[in-house]
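K.L.:
Just passing along the structure, written as structure tokens.
The values are calculated or read from the model by the stated rules, or taken from the named source; none is laboratory data. Small disclaimer: the values here were computed from a predicted structure and weren't measured. Methodologically, a virtual Cβ is constructed for each residue, glycine included, from the backbone with ideal geometry; neighbour enumeration extends over all protein chains shown.
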Amino acid sequence: MSGQEPSIDRWLAEAKQDPKASQCGMFLTHTGVVRVTPKRQVREGAKGLGDVAQIEFSYDAAGVDAAVKEALTWPGVYYVRVWLNEGTLSVGDSIMYVLIGADIRPNCIDALQKLVGKIKNDLVVETEIYA
């Protein structure tokens, strides 16, 4: 799945040509990026961790494929596309892109949040390397 970073503009143009695009009233994207602030500091208020210089990032490709297939069964979801990076990533590098197309706003927002949560919580290994 990793490789060259995709173009969201291209993805959206392709999504609009999909046979199920006429069912979609909304497309949402998520772009995850490596940040300098440690995850534990942001989520738990931990102090004194230092700045993140890089992360080691990997993922379960079969699990991501299964999660995409599952997302297509959720209410109102008609289009899903995911790209994940891998390896040693620096601050500012893209971690992932997710594009969801759904019939109405609540279904699209819920699906994006649920899929990104599934990927981040269950299918990736992300180790921060401090400066």
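K.L.:
Here is a check on your reading of the model: is K118 surrounded by 15 or more Cβ atoms within 10 Å (Cβ to Cβ), out of contact with any Ser or Thr (no Cβ under 9 Å at 6 or more places or on another chain) and under 15 Å from D65 (Cβ atoms)?
P.N.:
Against the criterion (surrounded by 15 or more Cβ atoms within 10 Å (Cβ to Cβ), out of contact with any Ser or Thr (no Cβ under 9 Å at 6 or more places or on another chain) and under 15 Å from D65 (Cβ atoms)), K118 qualifies.
K.L.:
Give the number of residues within the range 26-64 that are part of a helix (DSSP H, G or I), at pLDDT below 95 and in contact with a strand residue (DSSP E or B) (Cβ under 8 Å, 6 or more places away or on another chain).
P.N.:
1
K.L.:
Here's a check for you: in the range 13-25, which residue that is in a helix (DSSP H, G or I) and in contact with a Gly (Cβ under 9 Å, 6 or more places away or on another chain) is surrounded by the most Cβ atoms within 10 Å (Cβ to Cβ)?
P.N.:
Result: A15.
Listed here are the residues, each with its yes/no results for (1) within 12 Å of the chain's Cα centre (by Cα); (2) surrounded by fewer than 17 Cβ atoms within 10 Å (Cβ to Cβ); (3) within 30 Å of E14 (Cβ to Cβ).
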position	(1), (2), (3)
G32	yes, no, yes
V52	no, no, no
L84	yes, no, yes
V91	no, yes, yes
M96	yes, no, yes
P106	no, yes, yes
K114	yes, yes, yes
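K.L.:
Further question on the same structure: In the range 54-71, which residue that is surrounded by 13 or more Cβ atoms within 10 Å (Cβ to Cβ) and among the aliphatic types (A, V, I, L, M) is nearest to G101 (Cα to Cα)?
P.N.:
So the residue we want is A71.
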